[in-house]
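Down below is the structure, laid out as structure tokens.
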Amino acid sequence: MTVHNLYLFDRNGVCLHYSEWHRKKQAGISKEEEYKLMKDGFLAFQTSRYKLHYYETPTGIKVVMNTDLGVGPIRDVLHHIYSALYVELVVKNPLCPLGQTVQSELFRSRLDSYIRSLPFFSARAG
């Protein structure tokens, strides 16, 4: 099992952050076009190759993670990314302007460490 990538979107569908771990194939479109696919929102999505996990906060922030099919429900993981990482390291940081792409190296490194610590993250995938 593994994690492929993660997106954070604001309430308007603007991509605030994107991270990639074990993404084997690209969508064949630009990242900007790929981000627009989330603009109208949805609840869940699964193909024969991956599973999309979706969490939307009361403030309209959307956390989206793509994993392989073996990963079960991860609502608590997505909530942790939002509350313990995004809110604590971005929203509460006066040096991080809200509504713009996250530039915080601390956020990026803590997010990467957290994802790599998950029981379903496989360093061997990819």
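The values are calculated or read from the model by the stated rules, or taken from the named source; none is laboratory data. Predicted, not measured: the structure shown is a model, and the values here were computed from it. Here the Cβ positions follow ideal geometry from the backbone for every residue, glycine too, while neighbour counts run over all protein chains shown. Accessible surface areas use protein heavy atoms only, side chains included; no ligands, DNA or RNA. Shrake-Rupley method; radii C 1.70, N 1.55, O 1.52, S 1.80 Å.
So the values come out like this:
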{"quantity": "Efficiency of FRET from Cβ geometry, Ser48 and Ser83, R₀ 35 Å, rounded to 0.05", "calculated": "0.60"}
{"quantity": "Inter-label distance for Gln100 and Asp112, nm, one decimal - labels placed 7 Å from Cα along Cα-to-Cβ", "calculated": "2.2"}
{"quantity": "Solvent-accessible area of Val77 with every protein chain in place, 1.4 Å probe, in Å² to the nearest 10", "calculated": "10"}
{"quantity": "Environment charge at Tyr54 (Cβ cut-off 11 Å; Lys +1, Arg +1, Asp -1, Glu -1)", "calculated": "+2"}
{"quantity": "Compactness relative to 2.2 N^0.38 Å, alpha carbon Rg of region 47-126", "calculated": "1.17"}
{"quantity": "In nm, spacing of pseudo-spin labels at Glu56 and Glu20 (7 Å Cα→C-beta vector)", "calculated": "2.7"}
{"quantity": "Region 42-82 - Rg and Dmax from Cα coordinates, angstrom", "calculated": "10.3, 32"}
